[in-house]
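Student: The structure that follows is given in the form of structure tokens.
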Amino acid sequence: MPPHAPESTAGVAPSLDICHHTAMSVEIRVCPPERFAEFLRTDEVTFSEDQPDDLYERIEAVSDKERFVCGIEDDRFVATAGVFSLRLSVPGGDIAAGGITGVSVLPTHRRRGLMSKLMRLMIDDCHRRGEPVAMLWAAEGAIYQRFGFGIGTFSLNLEAESRAVRFAREWPTEGRFRLLPAGEGREIVEPVYETARAQRAGFLTRTPDWWSGILPYSEKDKKGGEARRLVVYETDAGVEAYAVYKTKAEWNVRGPNGQLIVDEAMASTPRGTREIWRYLLSVDLMQTLKTWRLPPDHPILTLAAEPRRLGVTIGDGLWVRILDVTSALEGRTYGLNGHGHGRVSFDLRDEYCPWNAGRWCVEVEAGRASVARTDDAADLALDAKDLASLFLGGFTSTALSTAGRVVELQPGGLAAADDLFPTALKPWCPQVF
Ligand SMILES: CC(C)(COP(=O)(O)OP(=O)(O)OC[C@H]1O[C@@H](n2cnc3c(N)ncnc32)[C@H](O)[C@@H]1OP(=O)(O)O)[C@@H](O)C(=O)NCCC(=O)NCCS
């Protein structure tokens, strides 16, 4: 357990079991396991979504039920939040990370502080369990910055004119593709994902239950939509890439106008990357390719002859919250090659997790850090959100300083941090949870 961790909270936090609000009483408690479907249905209402029942079975399979909390009024769910027990890849390895999910408050109960109470529970629960970081995908970025979450990864999104993108060079067409039936393929694609995961921070480790929600699990979409497909790319060297995608046929007066939507395309080699994207951009009758959550340095940008035709937009990806400065910062390696040397100290502001606040020194030898409190003058001043944005290597301190976020207190402080925190490849979280 990390220092300053809150005391054990059976049923999450006794002090917050009952929240009283004007003209109502909402009990906040661990979701009774037999009522988990109600938890998910409440989310469906607040997110204005209509999910297939078989997706819910898959969510339930990966949920550690004691980490799912609800607000109940008159025996009805009015608010929900949960945490998946996950591991997050960081430079040089992976660490435990609480994946906050399903944060929802019914429109009838919004803006009365319920989400804030649920977040306090979630954050304290992650900290108590010794998870160095919490992370989430935000429906809206403004919701979570008040709790010290900063952008950990970017999401590059494409809305490409498939045929117009073309490749910048005449690379030879090699290898072959196979479409696999629903329910098959995990053993084949897992090594590809693992190779990709080892190359970048931001990936999540996947159990077989997680995989079964990510790969196609039925030949037909139960709600009458388009079924997802799994295609693998292989050469004599083995499987080098895969993609999960769906197609949406459409016709207009000029002819075919279909859309291909890529859920996930992953490769273990440059050739695999090139060939899987060649495939995805050339499926017959598809005019547009859409995808979300690519890293900002994804190879497709430099493979393309016409990068503008990729229709790139960029937004926030995974949001990260440092819960324990020492274990988080000692959990990763430093320097572009992972073998950096150097020292940087900083004054950290953290009102929401005050046990983190104060002056810290990061001393790096052969890529590994010792992190300790210090009384020496600090090189930098920053807040919890800034440290979160530095953590996976996606931002440099200098970049954050140009927004007035990180402030250099000693000459050379920004350069010292920039020698340590950034990574050769940008962090990438390909998976929403
Ligand atoms: C977002 C949501 C969970 C907020 O719940 P809530 O109980 O109304 O939130 P709270 O009352 O605790 O709000 C706390 C603060 O956050 C602010 N806030 C809440 N939702 C916000 C939003 N979408 N954008 C910006 N600020 C927001 C509130 O204004 C309040 O600020 P204040 O303390 O300065 O007054 C709820 O509106 C909801 O379920 N929305 C739809 C689903 C969703 O977007 N969930 C988030 C999933 S990632």
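Student: For the range 102-116, which residues satisfy the criterion of being near the ligand (Cβ under 6 Å from one of its atoms) and in a helix (DSSP H, G or I)?
Tutor: Going through the range 102-116, the residues near the ligand (Cβ under 6 Å from one of its atoms) turn out to be 103-105, 110-116.
Across the range 102-116, the qualifying residues are Leu114, Met115, Ser116.
Student: List the helices (runs of 4 or more DSSP H) inside the range 380-433, counting only whole elements, that have at least 1 residues being touching a Pro at 6+ places or on another chain (Cβ under 8 Å) and assigned by TED's automatic domain parsing to the domain that holds Trp210. Reasoning before the result, please.
Tutor: Details: elements: 384-391, 397-402, 413-420.
Filter on the range 380-433 gives an empty set.
Student: When you look at Ile59, is it more than 12 Å from the ligand (Cβ to nearest atom), closer than 30 Å to Thr288 by Cβ, among the aliphatic types (A, V, I, L, M) and at pLDDT 95 or above, yes or no?
Tutor: Numbers: more than 12 Å from the ligand (Cβ to nearest atom): yes; closer than 30 Å to Thr288 by Cβ: yes; among the aliphatic types (A, V, I, L, M): yes; at pLDDT 95 or above: no.
Criteria not met by Ile59.
Student: Given the criteria under 30 Å from Ala61 (Cα atoms), modelled with pLDDT under 95 and either surrounded by 21 or more Cβ atoms within 10 Å (Cβ to Cβ) or assigned by TED's automatic domain parsing to the domain that holds Tyr193 (or both), does Lys290 qualify? So that I can check it myself, show each step before the final result.
Tutor: Working: under 30 Å from Ala61 (Cα atoms): yes; modelled with pLDDT under 95: no; either surrounded by 21 or more Cβ atoms within 10 Å (Cβ to Cβ) or assigned by TED's automatic domain parsing to the domain that holds Tyr193 (or both): yes.
So Lys290 fails the test.
Student: Run Asp297 past the list (1) surrounded by fewer than 18 Cβ atoms within 10 Å (Cβ to Cβ); (2) free of Cβ contacts under 8 Å to residues at least 60 places away in the same chain; (3) within 22 Å of Lys426 (Cβ to Cβ) and report the number of the one that doesn't hold.
Tutor: It is condition (2) that Asp297 fails.
Student: Could you tell me whether the range 86-101 includes any residue that is surrounded by fewer than 23 Cβ atoms within 10 Å (Cβ to Cβ), of a type in the set (A, V, I, L, M, F, W, C) and near the ligand (Cβ under 8 Å from one of its atoms)?
Tutor: Taking every residue of the range 86-101 in turn, none turns out to be surrounded by fewer than 23 Cβ atoms within 10 Å (Cβ to Cβ), of a type in the set (A, V, I, L, M, F, W, C) and near the ligand (Cβ under 8 Å from one of its atoms).
Student: What number of residues within the range 117-148 are part of a loop (DSSP other than H, G, I, E, B), of a type outside the set (Gly, Ala, Ser) and within 8 Å of the ligand (Cβ to nearest atom)?
Tutor: Of the residues in the range 117-148, the ones part of a loop (DSSP other than H, G, I, E, B) are 129-132, 138-140, 144, 148.
Then drop every residue that is not of a type outside the set (Gly, Ala, Ser), which leaves 129, 131-132, 140, 144.
Checking which are within 8 Å of the ligand (Cβ to nearest atom) leaves us with 140, 144.
Final tally of qualifying residues: 2.
Student: What are the pairs with Cβ atoms under 8 angstrom where one residue, in the range 125-138, is among the aromatic types (Phe, Trp, Tyr) and the other, located anywhere, is part of a loop (DSSP other than H, G, I, E, B)? Sequence gap at least six, or different chains.
Tutor: Trp137/Gly317; Trp137/Val432; Trp137/Phe433
Student: When both residues are 6+ apart or on different chains and their Cβ atoms are under 7 Å apart, which pairs have a first residue that lies in the range 354-382 and is more than 26 Å from Gly404 (Cβ to Cβ), and a second that is assigned to a strand (DSSP E or B) and of a type in the set (S, T, N, Q)?
Tutor: Final answer for the pair search is Glu363/Ser370; Gly367/Thr333; Arg368/Thr333.
Student: Now a separate question. Look at Lys290 and say whether it is part of a strand (DSSP E or B) and either over 28 Å from Gly99 (Cβ atoms) or in contact (Cβ under 8 Å) with a residue 60 or more places away in the chain (or both).
Tutor: Details: part of a strand (DSSP E or B): yes; either over 28 Å from Gly99 (Cβ atoms) or in contact (Cβ under 8 Å) with a residue 60 or more places away in the chain (or both): yes.
Here the answer is yes, as Lys290 does meet what is asked.
Student: Being within 26 Å of Tyr217 (Cβ to Cβ) and surrounded by fewer than 16 Cβ atoms within 10 Å (Cβ to Cβ) is true for just one of Val253, Val283. Which residue is that? Steps first, answer last, please.
Tutor: Numbers: Val253 fails: within 26 Å of Tyr217 (Cβ to Cβ).
Among Val253, Val283, only Val283 is within 26 Å of Tyr217 (Cβ to Cβ) and surrounded by fewer than 16 Cβ atoms within 10 Å (Cβ to Cβ).
The values are calculated or read from the model by the stated rules, or taken from the named source; none is laboratory data. Keep in mind that what you see is a predicted model, and the values were worked out from it rather than measured. Methodologically, a virtual Cβ is constructed for each residue, glycine included, from the backbone with ideal geometry; neighbour enumeration extends over all protein chains shown.
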